[in-house]
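Here's the structure, in structure tokens; my notes come after.
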Amino acid sequence: MEARNLSEVDLALEVGADTVMLDNQPPEMLRAAIARCRGRAEIEITGGVNETNLAALARLGPDAVSLGALTHSARAVDFSMKTEIAPAS
């Protein structure tokens with residue numbers, strides 16, 4: 001279940017969610033949410049994660065951190081592949 005604030009974290013835990021996705025929360029709120037979820041639900045930090053804040057968010061102790069930039073912000077690579085067909089024997 002996705003949670004955008006601590007009230008939604010509490011609701012997710014109340015209804016028995018097995019995973020709580022903490023979406024676009026500041027570090028102070030993430031710490032509080034992780035403490036509430038620990039031992040009750042898996043914790044995934046998502047939203048606003050990038051290569052500059054990934055390590056700091058991982059140190060907060062979630063079970064997972066989603067880095068959407070891997071797909072939506074990937075740089076294009078231009079390459080070509082040449083093939084050669086072997087003659088039939």
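The values are calculated or read from the model by the stated rules, or taken from the named source; none is laboratory data. Model, not experiment: these values are computed from the prediction. Neighbour counts run over all protein chains shown; Cβ positions are idealised from the backbone, glycine included.
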Could you pull out every one of the helices (runs of 4 or more DSSP H) wholly within segment 12-80 that has 3 or more residues that are at pLDDT 90 or above? 27-37, 54-58
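For every residue, the table says whether it meets (1) among the hydrophobic types (A, V, I, L, M, F, W, C); (2) touching a residue at least 12 places away in the same chain (Cβ under 8 Å).
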residue: E8; (1), (2): no, no
residue: L11; (1), (2): yes, no
residue: V15; (1), (2): yes, yes
residue: N24; (1), (2): no, yes
residue: M29; (1), (2): yes, yes
residue: I34; (1), (2): yes, yes
residue: R40; (1), (2): no, yes
residue: E44; (1), (2): no, yes
residue: G48; (1), (2): no, yes
With the structure loaded, tell me whether D63 is out of contact with any strand residue (DSSP E or B) (no Cβ under 6 Å at 6 or more places or on another chain) and loosely packed, with under 15 Cβ neighbours inside 10 Å or whether it fails that test. no
